Each structure stands twice: as structure tokens, then as C-alpha cells.
Amino acid sequence: IYLLAVVALVAYALIWPSVVLGWGIFTFRYQLDEGLKNLQIGEFDRSFSNIEQAENRAVLVKSVLEALKPIRQTGVLNKEFELGDDLAEVVILSTKSAKSTVVGVQALLQSIKAVTGEKVESPSAYFSSAQVELTSASDNLSKTYAILQNENFKKKLPASLSKTIQNLSEKLKVYSSLVSRAQAISVLLPKLVAIDGKKDYLILLQNNMELRPGGGFIGSFAKISFE
């Protein structure tokens, strides 16, 4: 009876955390996906709420691993614990990158509103915030990909989690694409709108039905100035 009790206790100590870990990663991926959808339609508050829920899953995954520390110290199941560490790191880095993406894209939108006059303050602070947050998001995404592409990580990954991790990887690629585009805008736009000086643009409105060497007859023009 005592032996059975010990075996049952050990099984519970190992199997239940594995179930919680798998569920935590699955729901984390779902919240990350919802956060991306809301971000793409400009629902920043909802997106941030999704990311915070994903962050709660990250805390759950970390706490499960901490609870297993006594078993880990015995030296058994080293590969499984190493996999758990990698998964926890993936979850934490993904959450950080998603959070920075939301904040960075929102700051970029505010900077555009400041340029167009929709907001009265200078866009400089918004541009700076966007660049810092988006750079942080890009760095954390790179670290996440490094783990996901590691051959040792792939070998240790059980079949039951492979599809979930593959799906997560695909979602992170969408985040990465969004971050890359937003980063480019955050660097180029301050130069285009003369954040530190003045720039004039001459726009030629050409009629392609009356061809000329430049493309078409210039019927009118517009001048745009930024200062």
C-alpha cells in the first residue's frame, strides 16, 4: 500500500504538471493569436488585454517548473526538464515581444496623428518610443526563433506538442513581419516629415493619356511642406 501510494504521488507530481504545462502553452498560443488579430484592426486595448492573459500563462508555466524543483534536484528526467526550461523561455520571450509590438505600433500611430495635426504635441517622443519598443520586439523574436530552430529542442519536443509549437512559430512569423514593417516606417517617417528641420516636396500630377518623356503631360502640381 505504501509503495502504491508513493508511486501514485510521484506519478501525480510528474503527470499533472505536464498537463498544466501543455494546456498553458496551448492557451498562451490562442491569446497571442487573438492579440495579433486585434492589433491588426487597431484595437490596442483588446490586444493588450490578450497579451496580458498570455503573460499570465507564461507565469503559470514558470510556476509549474518551479514547483518541480525538488524532483529536478534528484537528477531524473533531465531532458524533460531542459525541454520545460526551453518552453518557458519561448513563452516569456514571445510575450515580451508581443507586448513591445503592441506598444510600438500604437506609438507609431500616435506619431502619425501628431504629424497630420490630429494631435497637437510633437511627434518626436512617439517616434522614439516606437523605435525602442519595436527594436526590443525584434530582439526577443530573434531569441525565440533561435530556441525554436535549435535541433536539440526539436529532438526533445514530444509529438503531442509539435503541432502547437508549429502553430506558435507561424503566428510569431506574422508578428515578425509586422514588426519589420513598423520598424522601417518608424525610421523612414521622421526623415520624410523633417522631424529635425524642413522639407518641401513637389508633386507632379501627370496625364498618362498625353504622354511625355517624364510619363505624361503635367496638368497641375502640388507642393507639400513639413517643418
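Things to note:
- Residues (out of contact with any Ser or Thr (no Cβ under 7 Å at 6 or more places or on another chain), in a helix (DSSP H, G or I), among the aliphatic types (A, V, I, L, M) and surrounded by fewer than 22 Cβ atoms within 10 Å (Cβ to Cβ)) located in segment 103-144: 103, 109, 112, 115, 125, 132
- Restricting attention to segment 194-218, the residues that are open to solvent by 60 Å² or more (accessible area, probe 1.4 Å) and in a strand (DSSP E or B) total 10.
- Screening segment 67-102 for residues that are aliphatic (A, V, I, L, M) and surrounded by fewer than 20 Cβ atoms within 10 Å (Cβ to Cβ) and picking the one that is modelled with the highest pLDDT gives 92.
- One residue stands out among those in segment 153-165 that are in contact with a Leu (Cβ under 9 Å, 6 or more places away or on another chain) and in a helix (DSSP H, G or I): the one that is farthest from residue 39 (Cα to Cα), which is 156.
- Within segment 146-155, being open to solvent by 50 Å² or more (accessible area, probe 1.4 Å) and not acidic (Asp, Glu) holds for 146, 149, 150, 152, 154, 155.
- Residue within segment 176-192 that is among the β-branched types (Val, Ile, Thr) and either over 15 Å from residue 95 (Cα atoms) or open to solvent by 60 Å² or more (accessible area, probe 1.4 Å) (or both) present: yes
- Residue 191 vs. criteria over 18 Å from residue 27 (Cα atoms), assigned to a helix (DSSP H, G or I), modelled with pLDDT under 90 and out of contact with any helix residue (DSSP H, G or I) (no Cβ under 7 Å at 6 or more places or on another chain): no
The values are calculated or read from the model by the stated rules, or taken from the named source; none is laboratory data. What you see is a predicted model; the values in this text were computed from it and never measured. Counting neighbours? That spans all protein chains shown, and the Cβs are built from the backbone with ideal geometry, glycine included. SASA here: full protein model, heavy atoms, side chains in, ligands and nucleic acids out. Shrake-Rupley method; radii C 1.70, N 1.55, O 1.52, S 1.80 Å.
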